[in-house]
Structures are given as C-alpha cells and as structure tokens.
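*Asks:* The following block contains the structure, expressed as structure tokens.
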Amino acid sequence: MSVAFASLLEPFIEFPFMRRALVATLALSLGCAPIGCVLVLRRMSLVGDAMAHAVLPGAAAGFLLAGLSLPAMSLGGFVAALAVALAAGFVTRSTPQREDASFAAFYLIALALGVLLVSLRGSQVDLMHMLFGSVLAVDDTALLQIAVVASVTLWTLALMYRPLVLESFDPGFLRSVGGPGARAHMLLLVLLVANLVSAFQALGTLMAVGLMMLPAAAARFWVASLPAMAALSVAIGAVSGAAGLLLSYHAELPSGPCIVLVCGGAYIASVLFGARDGIVTRRFLAASHLTR
C-alpha cells in the first residue's frame with residue numbers, strides 16, 4: 001500500500017511544475033476560502049461569481065497592451081473588477097434594483113467585452129487560457145503574487161474581523177453605533193477582487209471562483225462558527241487542490257476543472273452527510289427520534 005501511495009504522489013516529488021502548482025493551490029486556499037466563508041454568510045455567493053467574470057475585460061485590455069504580462073493583466077483585471085463593483089453599487093443605491101441583479105447585469109457586459117477584446121488580437125488558445133487558466137504553468141512571479149495576496153488577506157481579515165462579522169449579521173446595529181460598515185463592505189470587495197485576480201493566472205476567470213465558494217459552502221454543513229468554518233474551508237480547498245492536481249496528472253485531464261470538480265464533490269458529500277443540516281444526516285436523526 002505504501003508503494004501505491006508513493007506512486008500516487010510521485011508527480012509532486014519528480015516534477016517542479018507540479019510542486020509549484022501544489023503550493024499555488026495551497027496559497028489560494030488560504031486566501032480565497034475565508035473570503036468565500038464571509039460571502040456565504042452574507043448571502044453574496046453570486047457576487048463572487050460576478051466579480052470573477054468582471055476580471056476578464058481588464059485582463060484582456062492588459063493582454064492587448066502588453067501581451068501575456070502578468071503585472072499588466074493583473075492590474076487591468078483589478079481595475080475592471082472594482083469598476084464593476086462600484087457601478088453595480090451605484091445602480092443599487094440609485095434605483096430600486098437589487099444588488100444581485102445589478103451585479104448580474106454588469107458581469108454579463110464585462111464577460112462579453114472581455115471575450116471581444118481577446119478576439120481582436122488573440123487566438124483561441126489565448127481565450128481559453130484567460131477563461132480557464134493553467135495552474136501547471138504558474139511561474140515564480142505568479143506564485144509570489146498569490147502568496148502576497150493570501151498573506152495580506154489573512155492579516156486584513158484578522159484586523160477587521162469584528163466589523164466584518166457585525167456587518168454580516170447585524171448591519172443595522174453597526175450603523176447605529178457609528179461602526180465602519182461601509183468601509184468593511186468595500187474592504188471585503190477589494191479583498192475579493194485581489195484574490196480573484198491572483199487566482200486568475202492559475203485557474204482562469206471561470207474557474208477561480210470555484211476554489212473560493214465551493215469549500216466555503218461545503219464547510220457550512222459541518223460547523224457553525226465563522227473561525228471554524230474558515231479553517232475547515234481552507235482544509236477542504238487545500239485537499240481538493242492536491243487531489244485535483246493528482247487526478248489531472250494521472251488521468252491526463254485539465255487541471256483547473258479537475259480541482260473545481262473535486263471541490264464540487266466535497267460540496268455534494270457535505271450536502272448529503274454534513275453534521276449540520278445534511279440531507280441524509282437530518283433524515284437519519286429524524287428516523288432515530290421516531291423509533292424512540
């Protein structure tokens with residue numbers, strides 16, 4: 001059995017690009033999963049998906065200006081996603097339209113614009129790279145960017161923990177005591193965009209949000225408190241990242257979709273068997289109560 005296990009892990013031992021991909025997924029899990037937990041608690045899960053798509057036109061503009069330059073594409077993606085967030089917030093405050101509808105409208109516009117910009121000068125390969133990324137092609141510069149964003153995210157969440165939690169559960173109370181509710185919300189959006197931009201190189205605009213939201217949604221079925229949920233979501237994301245990389249290597253499949261599908265498997269298992277409101281668990285407890 002030990003031989004089979006060693007053979008399974010051989011890609012991480014033998015190939016440097018697999019080790020870089022593993023470190024990248026671990027760092028992305030550290031930064032993205034806690035943000036996903038806050039979004040789940042605030043019922044903003046679809047906002048994360050919208051912001052992931054909003055990165056594309058800025059990254060495409062950076063690609064048109066500087067080619068496959070990580071700094072240019074990251075800066076463009078960051079600016080574009082923040083612009084979408086501000087535009088959606090302005091429409092929500094100025095009209096009766098709900099925030100989710102505003103984000104959905106602007107992310108569709110951004111996605112179409114991004115695809116159009118890439119098609120102006122890029123090839124089908126460039127478009128696929130932007131949409132789905134390539135975690136196996138992560139270089140040292142991208143790895144450093146991911147690590148810096150994850151570190152800043154964890155420090156910022158630790159410093160702003162109380163305002164973020166209060167703004168998530170009781171924003172009215174936070175406003176009544178003069179708390180930094182609006183600043184906490186804006187800070188959350190900035191951290192969200194920064195993590196999506198850092199994940200863009202590895203997983204692309206379509207896959208990046210998967211490593212953020214699926215582990216967080218899965219952890220919600222096991223634990224109640226936010227710190228425990230964040231820790232568990234990081235663990236689920238890290239294990240899913242490693243398992244997805246191994247699956248992609250041994251089955252010769254694309255790495256990004258494999259990682260997200262393993263995260264999806266963890267989510268479905270949590271929906272069924274989670275200790276908190278899992279479908280099978282809830283029915284088992286109900287049946288055990290009836291037999292008493």
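The values are calculated or read from the model by the stated rules, or taken from the named source; none is laboratory data. Nothing here was measured: the structure is a model prediction, and the numbers come from that model. When we count neighbours, we look across all protein chains shown, and the Cβ atoms used for this are built from the backbone with ideal geometry, even at glycine. Protein only, heavy atoms only, side chains kept; ligands, DNA and RNA dropped before computing areas. Shrake-Rupley method; radii C 1.70, N 1.55, O 1.52, S 1.80 Å.
*Asks:* More than 22 Å from the chain's Cα centre (by Cα) and either at pLDDT below 80 or over 26 Å from L246 (Cβ atoms) (or both): is that true of L65 in this structure?
*Replies:* Here the answer is yes, as L65 does meet what is asked.
*Asks:* Counting only residues that are within 14 Å of L189 (Cβ to Cβ) and aliphatic (A, V, I, L, M), which one in segment 68-82 is surrounded by the fewest Cβ atoms within 10 Å (Cβ to Cβ)?
*Replies:* In this case the residue turns out to be V79.
*Asks:* Give the number of residues within segment 83-106 that are part of a helix (DSSP H, G or I), surrounded by fewer than 20 Cβ atoms within 10 Å (Cβ to Cβ) and not polar (S, T, N, Q).
*Replies:* 12
*Asks:* Which of the residues belonging to segment 252-292 are touching a helix residue (DSSP H, G or I) at 6+ places or on another chain (Cβ under 8 Å) and open to solvent by 50 Å² or more (accessible area, probe 1.4 Å)?
*Replies:* Hits for segment 252-292 are L253, P254, L261, Y267, L272, F273, A275, I279, V280.
*Asks:* Given the criterion among the aliphatic types (A, V, I, L, M) and in a helix (DSSP H, G or I), identify the matching residue among L68, L56.
*Replies:* L56
*Asks:* Please work out which one of (1) modelled with pLDDT of 85 or more; (2) among the charged types (D, E, K, R); (3) crowded, with 17+ Cβ neighbours inside 10 Å is the condition R19 fails and give its number.
*Replies:* For R19, the failing item is (3).
*Asks:* Among the numbered criteria (1) charged (D, E, K, R); (2) assigned to a helix (DSSP H, G or I); (3) farther than 18 Å from L111 by Cβ, which one does R43 miss?
*Replies:* It is condition (2) that R43 fails.
*Asks:* Right, next: Please specify each residue of segment 192-228 satisfying the condition of being farther than 18 Å from T153 by Cα and modelled with pLDDT of 90 or more.
*Replies:* Passing the criteria: L214, A217, A218, A219, R220, F221, W222, V223.
*Asks:* Restricted to segment 52-67, and to residues that are farther than 12 Å from L117 by Cβ and without any contact (Cβ under 8 Å) to a residue 24 or more places away in the chain, which residue is surrounded by the fewest Cβ atoms within 10 Å (Cβ to Cβ)?
*Replies:* In this case the residue turns out to be G67.
*Asks:* Something else: Considering only segment 202-231, how many residues are open to solvent by 40 Å² or more (accessible area, probe 1.4 Å) and either under 18 Å from R42 (Cβ atoms) or in contact with a Leu (Cβ under 9 Å, 6 or more places away or on another chain) (or both)?
*Replies:* Total satisfying the criteria: 8.
*Asks:* Among the residues that make up segment 234-243, is at least one of them of a type outside the set (D, E), surrounded by fewer than 19 Cβ atoms within 10 Å (Cβ to Cβ), modelled with pLDDT under 90 and at negative phi?
*Replies:* There is no residue in segment 234-243 that is of a type outside the set (D, E), surrounded by fewer than 19 Cβ atoms within 10 Å (Cβ to Cβ), modelled with pLDDT under 90 and at negative phi.
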